[in-house]
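Comments concern the structure below.
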Amino acid sequence: MNIHEYQGKELFRSAGVKVQEGVHCKSVEEALAAYDSLGSKVVAVKSQIHAGGRGKGNLYCPNSGDLLMEGGVKIAFSRDEVETYSENILGHILVTKQTGPAGKLVSNIYVEAGCEIAHEYYLALLVDREEKQVLIMASTEGGMDIEEVAEETPEAIHKIWVNPSTGLLDSQKEDLGISLDLSGAALEDFVDMIGCLYDLFVSNDCSMVEINPLVRTKSDEIVALDAKVGFDENASFRHKEWEDLRDYSEEEPTETRANEVGLSYVKLDGDIGCLVNGAGLAMATMDVIKLYGGEPANFLDIGGGADEAKVQEAFEIILEDPNVKGILVNIFGGIQRCDIVAKAVLAASEKMGLQVPLVIRLSGTMFEEGRAIIDSSDLDCTSVDTLAEGAEAIVGLIGGGK
Amino acid sequence: MAIWVQEDSKLLIQGITGSQGRFHGEKMVEYGTNLVGGVTPGKGGRNIELAGNEFPVFNTMMEAINQTDADASVIYVPPPFAAAAIMEATDAFHQIKGEGVIVCITEGIPTLDMVKAVAYVNEREGIRLIGPNCPGIITPGDNGGCKIGIMPGHIHAKGRIGIVSKSGTLTYEAVAQTMSIGEGQSTCIGIGGDPVNGTGFIDCLSAFETDPQTVAVVMIGEIGGTAEEDASEWAADNMSKPIVGFVAGSTAPPGKRMGHAGAIISGGKGTAVEKFAAFEAAGIHIARDPSEIGAVLKVALEESGLL
């Protein structure tokens, strides 16, 4: 789960990580009031969306599709500029490298006091899967795309790993600061900041914290000018406060609905709906559909031991997608009983009225019973034995394929 | 021989009185697993009936291992308490026996809890953690066998193919594929789909390489991380036995979590294309479709003079 920059900065502030004064605004009036209250001649007007590359993104009018402004993060030198920029941002579509061509509607901006920058750095904390530890990454090449830096000048990226038994050592904090050529007051400030940030990462169950740029000001202070914060959803049971930080408009509504009933669903661009048990098999089902020349409309994992109601909900979610021209049900029952899936598919088809071709592959626990239920019904569908046969059949039935 | 768990390995269930523990406990006993008891804090001293047999319930793992001399434990404890259960088992096996296999089935454990638990396990030699978020490990035997986890026992048969996979249902698919060409399995291990886990691909490959019962390995990966690439590199230098490989997620969009917490392409890394390429470079036999695993395995066995 991701949060907005303005929310991340609030976390930073309360954890002792220095940030500039700033105000979260939802209207042009609020932005102007923020400008007046900040008392800074220069402010940054920043689009708030859950995607990176905002600075280099473009704003478009959602109705006409016209380009309104280049850059989703603007430096304003006057009250008038704040007005122009916030007008161009709010209620409009920001397209960045990370949003895809559809872009994202911007409903929030952050107006932040400017500061005098001496140097820009990059800093990130994340869980390194291979080392199985928290990794802290820093670079003197701030403000740039870190993947480019990693590609072109990997030596400019400095890394430290935190042993969970000892925590982040003072010597590690200092070493990292020195590797960024920091000294004196700036080094001291960095050491304090990185300690606070690591504590924040752990106590908030973050999956990622990225600051690009982190800056050294002309008065040798270390300030976070950006805040990209992601949380580990598995820890949501101990962070009730996340509910208030969640921005549902940033999420695909069907994915949210699926999540609520314990289904794992990801919307895709194709036209063959898939209903599968198990994440790996669900991915493989999409892959094999593609292999036979089709395009999957979704990833859908019903999990293990789903009951009839859950499977029915899953089937309805697929049927509601207007792009779906055919459906492949692929079950290898372990804990999951095939007869339950068969009953649920029948019930959902009757309720919703099945208008598209359906191919069903049942294997594993109670597959004979499941098949018998399907075969003895009036349901218009094709039964197959393997995933490959299923993919070939459904691609053929919707008139696609190689 | 098989690897890590043998047909007669003695097993404890952590969370034996919970609904998951009871349900899968029954299935494991029915399969023939040598269950010797279980642990639920506060419920020690009583017995629990599973598949017509009585099993003792203990309050702690220390007590349970002392009383039963167990070799392995399986964890069906809810996510908030699972990491603590792993560490309790680790400590108890380490202190009493100096070795032990801990299988954690639980899905949804916070990643930073696992960072702590894995470090705890790794600091104690002789302790092996499998999972979390996995189907478990099974060594099919002559009469049933040792099934530790949630996989359907009846699809397996004792044989000479080792299977290692990040995914549950794809493991079952792989098992069915070996059966379709008349081959059984030595041991099948689900290493789980979480970003931070215990046993990895290389541990499994290395154990299969030295296991006399295993002649070939099926390895199933998925998008996210670089475990498949690392394993390929290791296999190229260290494996004499043939490997058949498949990776799930060729069609997964970047930046989206595909069911498993670890199945995500981030920063352009962890794609199926890279993983298949690594397999290819390491001489691993590739199946592009899981329904092909049997056929590809057959070719691999023939090429190695095993058929």
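Numbers at a glance
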quantity: Segments classed as helices (runs of 4 or more DSSP H), wholly inside region A:331-402, with at least 2 members that are of a type in the set (D, E, K, R) and within 17 Å of A:ILE272 (Cβ to Cβ); calculated: A:387-397
quantity: A:ASN204 being among the polar types (S, T, N, Q), touching a residue at least 40 places away in the same chain (Cβ under 8 Å) and touching a helix residue (DSSP H, G or I) at 6+ places or on another chain (Cβ under 9 Å); calculated: yes
quantity: Residues being under 27 Å from B:CYS204 (Cα atoms) and surrounded by 21 or more Cβ atoms within 10 Å (Cβ to Cβ) - total across region B:2-26; calculated: 12
quantity: Boolean, B:VAL74 is of a type in the set (Val, Ile, Thr) and over 20 Å from the mean Cα position of the chain (by Cα); calculated: no
quantity: The lone exception for B:PHE246 - which of (1) over 18 Å from the mean Cα position of the chain (by Cα); (2) at pLDDT 95 or above it fails; calculated: (1)
quantity: Residue, nearest to A:ALA282 (Cα to Cα), within region B:254-285, restricted to residues that are without any contact (Cβ under 8 Å) to a residue 12 or more places away in the chain and either within 9 Å of chain A (Cβ to nearest Cβ) or among the polar types (S, T, N, Q) (or both); calculated: B:ARG257
quantity: Within region A:238-299, helices (runs of 4 or more DSSP H) holding 2 or more residues that are closer than 26 Å to A:GLY400 by Cβ and touching a residue at least 40 places away in the same chain (Cβ under 8 Å); calculated: A:253-260, A:279-291
quantity: Conditions (1) among the charged types (D, E, K, R); (2) surrounded by fewer than 22 Cβ atoms within 10 Å (Cβ to Cβ); (3) under 24 Å from A:ALA150 (Cβ atoms); (4) modelled with pLDDT of 95 or more: number failed by B:ASP237; calculated: (3)
quantity: Members of region A:216-237 that are under 28 Å from A:LEU300 (Cα atoms) and outside any loop (DSSP other than H, G, I, E, B); calculated: A:VAL229, A:GLY230, A:PHE231, A:GLU233, A:ASN234, A:ALA235, A:SER236, A:PHE237
quantity: Candidate set: region B:109-129, residues that are outside any helix (DSSP H, G or I) and free of Cβ contacts under 8 Å to residues at least 60 places away in the same chain; chosen: the one farthest from B:GLU88 (Cα to Cα); calculated: B:PRO110
quantity: In region A:353-382, residue farthest from the other protein chains (Cβ to nearest Cβ) [restricted to those that are crowded, with 18+ Cβ neighbours inside 10 Å and among the small types (Gly, Ala, Ser)]; calculated: A:GLY370
quantity: Meets criteria (buried (at least 22 other Cβ atoms within 10 Å of the Cβ) and hydroxyl-bearing (Ser, Thr, Tyr)) for B:THR33; calculated: yes
quantity: Condition check for A:ASP128: over 30 Å from A:SER78 (Cα atoms), surrounded by fewer than 20 Cβ atoms within 10 Å (Cβ to Cβ) and within 20 Å of the chain's Cα centre (by Cα); calculated: yes
quantity: Tally of residues being away from chain A (no Cβ under 13 Å) and not in a strand (DSSP E or B) across region B:204-246; calculated: 21
quantity: Residue match in region A:36-46 (condition: surrounded by fewer than 17 Cβ atoms within 10 Å (Cβ to Cβ) and in a strand (DSSP E or B)); calculated: no
quantity: Of all residues in region B:172-204 being small (Gly, Ala, Ser) and more than 11 Å from the chain's Cα centre (by Cα), the one that is nearest to B:MET219 (Cα to Cα); calculated: B:ALA174
quantity: Condition check for A:ALA118: more than 30 Å from B:GLY193 (Cβ to Cβ), touching a helix residue (DSSP H, G or I) at 6+ places or on another chain (Cβ under 9 Å), assigned to a strand (DSSP E or B) and not β-branched (Val, Ile, Thr); calculated: yes
quantity: Number of the exception - A:ARG216 against (1) basic (Lys, Arg); (2) surrounded by 18 or more Cβ atoms within 10 Å (Cβ to Cβ); (3) out of contact with any strand residue (DSSP E or B) (no Cβ under 9 Å at 6 or more places or on another chain); calculated: (3)
quantity: Residue in region B:114-134 that is polar (S, T, N, Q), away from chain A (no Cβ under 14 Å) and under 18 Å from B:GLY192 (Cβ atoms) present; calculated: no
quantity: Strands (runs of 3 or more DSSP E) fully within region B:1-77 counting 1 or more residues that are closer than 21 Å to B:ASN133 by Cβ and at pLDDT below 95; calculated: none
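The values are calculated or read from the model by the stated rules, or taken from the named source; none is laboratory data. A quick note: this is a predicted structure, and the numbers were derived from the prediction, not measured. Glycine also receives a Cβ, built like all others from the backbone with ideal geometry; neighbour counts cover every protein chain displayed.
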